[in-house]
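Visitor: My questions will all concern the structure given below.
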Amino acid sequence: MGNFDRQIWSLGLEGHNALLTGDIGSGKSTLVDALTCLLVPYKKITFNKAAGAEGKERDLSSYIKGEFKKEKEETTKIAKKVFIRPDNDTYTVIIGHFKNQGYNETVCLAHIYWIGKDNKVEKLFISSSTLLTVSRHFNGFADVNELRKNLRKTPGVTLFNDNFTQYSEHFRRLFGMNSEKAIDLFNQTVSMKAVSSLTNFVREQMLERTDIQEEIKSLLKRFEDLKKSHEAVVHAREQHAILKPLVEAAVSYGQVSEQIEQVEKLLQVAPYWFAEKKLQLIITAMEVIEKDLEKLAAKELQHTQREQELETKKEGIVLEIAGNGGKRIEQIGQQIKTHEKDKAITRKEYEDYDKLITRAGLSKTENEADFYHNLQRAERDQAACLALKDTLRLERDQAVSLLRRLEGELRTEQAELKSLKARRTQIPAWLIQFRTQLCSDLEIDQADLPFAGELLQVQAAEKDWEGAVERLLHAAAISLLVPSQFYKSVSRYVNDNQLRSIDGRGIKLTYLEADLSNVKSLSQELDTDSVFYKVDIKPDSLFCDWLEAHIKKNFGDYICTDVDGLAHVAYGLTRQGLIKSGRIRHTKDDRSNVLDRRHFVLGWSNEDKIKLMECSVEDLEQQLTQASEKKSSIESKENKNEDQYNILNNILF
């Protein structure tokens, strides 16, 4: 920096005072300006003030290039700056080590400056809890992007790019500075050589402005609010004490009334229940009697046939006796033929019957008792087949429902995975599709209408809080950011059209008007455990400052703590996803696991989500295969049961 060139210069004070002397132009003021750059915003610095400069005599560009004098050209007589490093391929590094001896804590602040496009000075602000050195950490890199990557890999290092506001809030919090006044005072005194009025200097530079009347009014208003709240609590307690016995009596009365009503209903249906049971018993008895009648009728038929046979035989004998036995042999031959035919028919029927009972799993029939036993068992088995048919139908319907649900989930997951592979963000595909259609219809570049989640990312060092922060910022992350110049067009389009996804389903859209030309920076001090300090904002985005102010305003008060700590804050959240919003409202959404990255929407890289989605698709495919196999197995059982029912039906009828 300045006249310091191609050599690393360091000044180790170790907590002591030091006297720095040297000739004019030797670099004393440059050293003061370097320290000032580490702590004071660039726009507030008057460079070379320690040497008596009043205006814009020096700037960062002149320090980076090493301006050391001016020479007049012989022809034009115009003064021209002379640089030690005239080319734009150089860079300047400033590192300051600050140590708290009492707490044994070290804070390292570092700046790197270089000349970028259009001769613009580019900056990178760095904070680290470990000591940084020029030779080790700022040497041997091809470009600044490579330097950023190397620094991010260094433990304890935090990068702020060129956002001095975040950088200043960070190191002031580490230094224990509650106000920017200390930095302003440092800037006023670091190069001060005389004080015209000590009283005015103390009043204007060291004391904060206060409005006592406003503070008194505010205290009185708070007292009145607290008094009203206390009176409301007391009144509510009195109401609760009066109404509690009445509510308990009403609950008891309701329970007794329900019991009485249940008993009355039972008394009403009791006659019908007993009648139904009596009817079932009568039907069963009638079935038994009918079977007994069938057996008796069969025996009666046998006796009748036997009687007819004996009668025929008797008549034959009588004729035989009468004819002296002349045609007896011929009659016996005819009887033998008739009996042989009857035997063949009976044998065929017996074999068919035997095959049926074997397929049905019934016992062999050796006598009449076995036959009737098989009939009774066939009736029971047929009733069991009917019951099993209903059970298998229910199981098949459930299997088909599961199969269709898994097919729908698989199509949805595959579509989301395909969409994720075509982009780098984690916003849901249906929102990306809608934005594509919107930008196509309105002829707007999609980069001009980002979703907030595409510009936000949980810091790598805060991965333990990633799920909880995702839950808190989910609604904000899927909100579309609309710059003011497109606000009317987008609002008219959204109002006049039915918002639907590609598959025809209605969708919900939230969009925020982003006035990028009027970003109001909030000066409020946030807790060190604020959600605001656990997320990064994409630095190269036009929405960076606006989104920073929006997140700080709407979510800066949310404190990352445990469940015991929630009792001491108005707004907070735990790692498990419990969110406290205000004094009494608490919310926890466990419809999905807080660590399930498939539902994450923050970040400008979706590689982890793609891996999870690929595993999810593979798991769904396996479940789908298992569900299909189960359906086929149930259908096979249905076919076997239907065959068994038909066999039993043939046996019975």
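The values are calculated or read from the model by the stated rules, or taken from the named source; none is laboratory data. Predicted, not measured: the structure shown is a model, and the values here were computed from it. Positions of Cβ are backbone-derived with ideal geometry, glycine not excepted, and every protein chain shown enters the neighbour counts. Protein only, heavy atoms only, side chains kept; ligands, DNA and RNA dropped before computing areas. Shrake-Rupley method; radii C 1.70, N 1.55, O 1.52, S 1.80 Å.
Visitor: Give the long-range amide H neighbours of V458: residues separated by 5 or more places, or on another chain, with amide H under 5 Å away, using H modelled in the peptide plane at 1.01 Å from N.
Guide: Long-range HN contacts for V458: D536.
Visitor: Over the heavy atoms of I242, what accessible area does a 1.4 Å probe trace out, to the nearest 10 Å²?
Guide: Probe radius 1.4 Å; accessible area of I242 about 120 Å².
Visitor: A further question follows. Viscosity 1.002 mPa s, temperature 20 °C: Stokes-Einstein D of segment 423-592 from its Kirkwood Cα radius, in µm² per second?
Guide: Working: Rh = 17.4 Å.
Reported coefficient: 123 µm²/s.
Visitor: Could you give me the percent of Cα pairs per 5 Å distance bin for segment 371-412, shortest bin first, beginning at zero and ending with the bin that holds the maximum distance?
Guide: Spelled out bin by bin, segment 371-412 gives 6, 21, 13, 13, 10, 9, 9, 6, 6, 4, 2, 1, 0 percent.
Visitor: Dipole of the chain (Lys/Arg Cβ +1, Asp/Glu Cβ -1, origin at the Cα centre): which of A249, V233, L185 lies farthest to the positive side?
Guide: Checked the options; the winner is L185.
Visitor: While we're on this one: At a probe size of 1.4 Å, how large is the accessible area of D445, to the nearest 10 Å²?
Guide: 100
Visitor: Moving on to the next point. Given the protein chains as shown and a 1.4 Å probe, how many square angstrom of F600 are accessible, to the nearest 10?
Guide: Taking all protein chains as shown, F600 has close to 10 Å².
Visitor: Ignoring solvent entirely, what values of log10 I(q)/I(0) come out of the Debye formula for segment 76-200 at 0.15, 0.16, 0.18 Å⁻¹ when each Cα is a single scatterer?
Guide: With no solvent term, the Cα-only Debye profile gives -0.88, -0.95, -1.09.
Visitor: Go through M613, M177 and list them by solvent-accessible area, largest first, probe radius 1.4 Å.
Guide: Values: M613 5, M177 55 Å².
If we order M613, M177 from most to least accessible, we get M177, M613.
Visitor: Which lysines does K227 reach when only Cα atoms under 26 Å apart count, and residues fewer than 8 places away in its own chain are ignored?
Guide: Within reach: K217, K244, K580.
Visitor: Could you rank W114, W273, W430 by how accessible they are, 1.4 Å probe, largest area first? Show your work: numbers first, answer last.
Guide: Values: W114 40, W273 130, W430 95 Å².
Reading off the accessible areas and sorting them downward yields W273, W430, W114.
Visitor: Related question: Binning at 20 Å from 0, report for the chain what percent of all alpha-carbon pair distances ends up in each bin.
Guide: 11, 27, 23, 14, 11, 8, 4, 2, 0
Visitor: Scan around E67 for amide H atoms under 5 Å from its own, H built in the peptide plane at 1.01 Å from N, and keep only partners 5 or more places away or cross-chain.
Guide: I84
Visitor: Can you return the aspartates and glutamates within cross-link range of K520? Criterion is Cα-Cα under 20 Å, with same-chain partners fewer than 8 residues away left out.
Guide: Correct list for K520: D162, E169, E180, D536, D540, D545, E548, D557.
Visitor: In degrees from 0 to 90, rounded to the nearest 10, what is the angle of the helix 164-175 Cα long axis to the longest principal axis of the chain?
Guide: 90
Visitor: Another question about this same structure. Only Cα pairs under 8 Å and at least 6 apart count here; give the relative contact order of the chain as a rounded whole percent. If you can, show how the numbers build up before the last one.
Guide: On the way: 629 pairs, mean separation 66.7, N = 653.
With pairs under 8 Å counted, the relative contact order is 10 percent.
Visitor: Given a cut-off of 23 Å, name the pairs among K153/K463; K81/K117; K153/K181; K463/K552 whose C-alpha atoms lie farther apart than that in the structure shown. Please report the intermediate quantities before stating the final value.
Guide: Values: K153/K463 15 Å; K81/K117 21 Å; K153/K181 34 Å; K463/K552 20 Å.
Violating the 23 Å limit, Cα to Cα: K153/K181.
Visitor: Here's another thing I want to ask about it. Holding the Cα-Cα limit at 20 Å, pick out from K149/K421; K228/K553; K291/K389; K28/K65; K28/K69 the pairs that are longer than that. Spell out each step's value before the answer.
Guide: Values: K149/K421 24 Å; K228/K553 28 Å; K291/K389 27 Å; K28/K65 17 Å; K28/K69 16 Å.
Among K149/K421; K228/K553; K291/K389; K28/K65; K28/K69, the Cα-Cα distance tops 20 Å for K149/K421; K228/K553; K291/K389.
Visitor: Under 14 Å Cα-Cα from K295, which aspartates and glutamates qualify once same-chain neighbours fewer than 8 residues away are excluded?
Guide: Within the straight-line cut-off, K295 pairs with E287, E368, D370.
Visitor: Any chance you could give the angle, 0 to 90 degrees and rounded to 10, that helix 28-39 forms with the longest Cα principal axis of the chain?
Guide: 30
Visitor: What is the helix-to-structure angle for 484-496, meaning the angle in degrees between its Cα long axis and the longest Cα principal axis of the chain, kept from 0 to 90 and rounded to the nearest 10?
Guide: In the chain, helix 484-496 runs at an angle near 20 degrees to the longest axis.
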